[in-house]
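Everything on this sheet refers to the single structure shown next.
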Amino acid sequence: MERTVPYTASEEVELYLRTYYSLLRTTDAIQIRTLEEVHSGMGSLLHSRARGESPDMSAFIYALLRLPDCVRHVDEVVLGQSLSVFRQTGVGDVTRWETVSARARRRRCFYNEEEKLMACIIASRSDIDDIIPLLTAYQIEWNKLHRLLQHVPDEVCRTSLRGDASRAWKAYRKLAEALNISVEDMERWHTIWGQDFATRLQEVKDHQQRFRVRLLSGSLVEYNRATDAWWSNIAEAVPDLLSRPIYFISSNTHSLTNLLSGFALQNKKEIQAFLRQDGHEQLLEEWRQIQSQQIPSSEENFLYYVFKKYLQSPNAPEVYARRSEHEAACGIVRVDSEHFFDVDAQVFPLSQLNPDWLDPRVAGDDEDLSFLRESDALILNIDYPLGLSAYNILMEVAEHVGKILGVYIMGKAATLNGVIGDVMIPYVVHDEHSRNTYLCPTAFSAADVTPHLNYGTVLDNQKAVTVRGTFLQNRSYMDVFYREGYTDIEMEAGPYLSAVYEMFRPKRHPVDEIITLDRIPFDLGLLHYASDTPLHKGSNLGAGTLSYYGMDPTYATSLAIMRRIITLEKKRTQE
């Protein structure tokens, strides 16, 4: 048999994990500075210049985007699995604090400005493996910038953002030179902080960061309780989930609703009018090029992208109200996870969908979807979770719903052989949590996705590895996987497949084995789209965002999943 089990995590990564988990066992808060040396010694691909005197701006910006903005004022971060854990341990009712969030990481957090405390609800151990390295990287790079700024006059910081363009540009370059960073890094940093850049730069100069972290409860029982409370909220909102067959999808909260409700497409003129407003000239020009077929972009995908921006405009409350009314007319139910870990859900009754409202790509050419009225199936779509919480969630769903007809996992991944925007379809998944290697039947091939993908390439027959955290890989670790043919790096597939194993086998998933999932009694499909290329310097989401072009693989994979479900439902209703 082909060798499928690669070498496990490096000694440096294992040392880092052992260090912070042993420290977090204390009931007191730990100092992040005690982790700086072992973090730097790990040689993380995302923080390769941690030990250098010059700032590693890719790592700093990566952390900036994934921590709430208030973290710059925080002294202590408190981690707990539920609101009750915070109350029981004396932290208090954190819902009375300010609710805060990060731009590029979904995690429910609360900020107490008076006490400089931030409380974060965690769904699994994977949240710890995410938060600790983020805080450590943020602190290391903040303090580097703090030391360098002591030699920069205040007027240089201020001038870089004021005055005539020529003078400001010269000061901008001078500031970048003083901080030993590139002008491009300065521009990225400035874009994130925007008009508050000068004020926040002064904050960096004025004080060092000295974070403390406290874990209130690390028990498996508490994680299970949190997941049970999350599910009870969904089951209460849609009781039919307990008795009817479902297709389970882990994706996002926008692509399926746009494809199946048709609200954005029906309000095309209104969205176009928003696009013609001041400040959208570049998008408007791209819209003209799409309509004149000068570029291959999808008109529907572009409208969905602009619609997302429209929902942030002053008209948003009225648009949200109309959208809710429209979605209710076709049976779509949204379930917010307001008081639980941040994984929202949506339920789509197939029989209530209006075929005339669907995105035309869902039906395909001249396809009659009237058979959907005979379907008793529901689609349960959840906003993709982080790491190990995927196992808890799918197990909770499987234990309570009527019957599972299909499990479809769609999400971001890093690629070692492709480029950002490519789609990867794995048939082998090595899970760093269980150390199992899963050989999976896949519901999809390149032919299912390629017709809907305008820019990227579909790479099927790939091998994926599920890692424990985005910072927890170094170059030697990645090189081992690459030599073994693993090119798809992500965080959820392994835990999901561990749950899939337990959904058709009479025992808990094993450890450190090769497992074939070829006799599962439901459909299974994994689709990943590339958002990072970690072996290329600066090519990660710290260096930028997918922006509009991220819509291309997102909707290509969403359409492949919907076309698969429609094919299965047509056969099922006829039988």
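Computed from the coordinates by the stated procedures, all read-outs in this text should not be read as laboratory data. Quantities reported herein were computed from a predicted structural model and do not represent experimental measurements. Here Cβ is always computed from backbone atoms with ideal geometry, including for glycine, and neighbour counts include all displayed protein chains.
Things worth noting here:
- The helix-based estimate of mean residue ellipticity at 222 nm for the chain, built from -39,500 (n - 2.57) per DSSP H run of four or more residues and divided by its residue count, is -12500 deg cm²/dmol to the nearest 500.
- Take every Cα pair under 8 Å whose residues are at least 6 apart in sequence, average their separation, divide by the length of the chain, and the relative contact order is 18 percent.
- Scanning residues 5 or more positions from Asp523 or on other chains, those with amide H under 5 Å from its amide H are Gly406, Val407, with H placed 1.01 Å from N in the peptide plane.
- Interchain or long-range residues, amide H under 5 Å from Leu459's placed H: Val423, Met424, Ile425
- Per-residue ³J(HN,Hα) for region 430-441, Karplus 6.51 cos²θ - 1.76 cosθ + 1.60, θ = phi - 60°, Hz, x for Gly and Pro: 9, 9, 5, 6, 9, 6, 7, 10, 9, 9, 10, x
- Using θ = phi - 60° and Karplus 6.51 cos²θ - 1.76 cosθ + 1.60, couplings along region 502-519 (whole Hz; Gly, Pro as x): 6, 7, 9, 10, x, 8, 5, 4, x, 10, 6, 10, 9, 10, 9, 9, 8, 10
- Applying 0.36 nm per residue to the separation of Ala273 and Asp376 and subtracting their alpha-carbon distance, the gain on full extension is 33.2 nm.
- In this label model, Asn354 and Ser313 are separated by 2.2 nm, measuring between points 7 Å along each Cα→Cβ vector.
- Taking one quarter of the surface of the convex hull spanned by the alpha-carbon atoms of the chain gives a direction-averaged projected area of 27.0 nm².
- Placing pseudo-labels 7 Å out from each Cα toward the beta carbon at Glu114 and Leu439 gives an inter-label distance of 6.2 nm.
- Spatial separation of Cα centroids for region 188-219 and region 262-277, in angstrom: 38 Å
- Of all DSSP beta bridges confined to the chain, the antiparallel ones make up roughly 35%.
- Rounded FRET efficiency, nearest 0.05, which uses the C-beta distance separating Gln294 from Arg322 and R0 of 41 Å: 0.80
- Net charge over other residues, Cβ less than 14 angstrom from the Cβ of Arg244 (K, R count +1; D, E count -1): -2
- Between Ser48 and Arg210, residue separation times 0.36 nm minus the direct Cα-Cα distance comes to 56.2 nm.
- Separation between Cα centres of region 71-90 and region 486-510, rounded to whole Å: 31 Å
- Separation in nanometres of the label points that stand 7 Å from Cα toward Cβ, at Leu65 and Arg244: 3.8 nm
- Backbone phi angles across region 409-422, fed through the Karplus curve with coefficients 6.51, -1.76 and 1.60 (θ = phi - 60°), yield HN-Hα couplings of 10, 10, x, 7, 7, 8, 10, 9, 10, x, 10, 4, x, 6 Hz in residue order; Gly and Pro are listed as x.
- Residues whose placed amide H lies under 5 Å from that of Tyr438, excluding near-sequence neighbours: Val429, His430, Asp431, Ile515
- Going from the residue with the fewest nearby Cβ atoms within 10 Å to the one with the most, Thr136, Thr450 rank Thr450, Thr136.
- Only beta bridges with both residues in region 43-141 are counted; by DSSP, about 60 percent of them are antiparallel.
- Note on Gln574 and Gln150: with the Förster distance fixed at 60 Å, the Cβ-Cβ geometry gives a FRET efficiency of about 0.20.
- Cα long-axis angle, helix 197-206 against the chain (0 to 90 degrees, to the nearest 10): 50 degrees
- Taking 0.36 nm per residue of sequence separation and removing the Cα-Cα distance, the Arg173/Arg33 pair yields an extension gain of 47.3 nm.
- Net charge, Asp376 excluded, C-beta distance under 15 Å - Lys, Arg +1, Asp, Glu -1: +2
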